[in-house]
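Input: a single structure, listed below in structure tokens.
The values are calculated or read from the model by the stated rules, or taken from the named source; none is laboratory data. Quick caveat: nothing in here was measured; it's all calculated off a predicted structure. We place every Cβ from the backbone using ideal geometry, glycine too, and count neighbours over all the protein chains shown. Please note that ligands, DNA and RNA were not included when accessible areas were found on the heavy atoms of the full protein model with its side chains. Shrake-Rupley method; radii C 1.70, N 1.55, O 1.52, S 1.80 Å.
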Amino acid sequence: MPTPKKGARLGGSPAHQKLILSNLAAQLIEHRAITTTEAKAKALRPYVEKLITKAKRGDQHARRTVMKKIPNKGIVAILFEELVPAMDSERAGGYTRLIRVGNRKGDNAPLMRIELVMEKVEKKAVVKAAEKTAAKAVADEAEKAAEAAAERAEEAREEGDLAKANEAEEIAEEAGKEADAAEQVADEK
């Protein structure tokens, strides 16, 4: 026996709740955004996300599965032929957005606007900044290593050990090249 949903159902019975979610999903697909109560919006979100995931497959079986949940051919056609191709193919979930609107005037019920997210998925600016900072840290580290190797070469020359001085100079040159390359990578990011 399936475990019942915790809390009150949206419509009073399981059948009524399924109808409510089906109608809300159809309206969301048709209008791209709707305003409803917070409880209905939070229940609708996973319902619609699963439908969109199925629709991304695009085959006949997926269409029939979605038709079981939304028995309106026109709405299902909009979902498969307009919405899914317009969505970013790299988006793996997160097809809806919930925004608090305020409270309803009559009964003070909290309202939310649920809308479909159609924008492209982009790397966050924070990630880019972190990559740039990491590249700069690598460049600074390489530069310090080059300076340390140059100091060792100077000390070896003062002591009169030319072999060690030449070896330290080679290491300093390599470290300097690495520092330059790391700085170029940091500047590109």
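Observations
- With Cα atoms, 0 to 90° folded angle of helix 125-159 axis to the chain main axis: 10 degrees
- At R0 = 41 Å, FRET efficiency that the Cβ-Cβ distance of Glu30 and Lys128 yields, to 0.05: 0.65
- Candidate aspartates and glutamates - alpha carbon under 16 Å from Lys128, same-chain residues fewer than 8 apart omitted: Glu183, Asp187, Glu188
- Lysines with Cα under 29 Å of Lys164, excluding same-chain neighbours fewer than 8 positions away: Lys144, Lys177
- Region 22-128: Rg to Rh, with Rh as the Kirkwood radius over Cα pairs: 1.02
- A DSSP coil position with no more than 15 other Cβ atoms inside 10 Å describes the following GluC sites (Glu not before Pro) in region 66-138: Glu90, Glu119, Glu122.
- Cα shape, region 1-61, gyration tensor, a/c 1.5 rule: oblate
- Between the helical axis of 38-57 and the longest alpha-carbon principal axis of the chain there is an angle of about 70 degrees.
- For region 80-125, the alpha carbon convex hull comes to 111 Å³ per residue, rounded to a whole number.
- In the complete set of protein chains, residue-level accessible area for Val66 is approximately 0 Å², probe 1.4 angstrom.
- Relative intensity, log₁₀ I(q)/I(0), of region 71-162 from a Debye sum that treats every alpha carbon as a point, q = 0.10, 0.22, 0.24 Å⁻¹: -0.61, -1.09, -1.14
- With a cut-off of 16 Å on the backbone N, the residues of region 13-50 near the modelled label site 7 Å out from Asn103 along Cα-Cβ are 37-39.
- Hull-based mean projected area of the chain, where the convex hull spans the alpha carbons, in square nanometres: 19.6 nm²
- Rounded to 10°, Cα long-axis angle of helix 60-69 versus longest principal axis of the chain: 60 degrees
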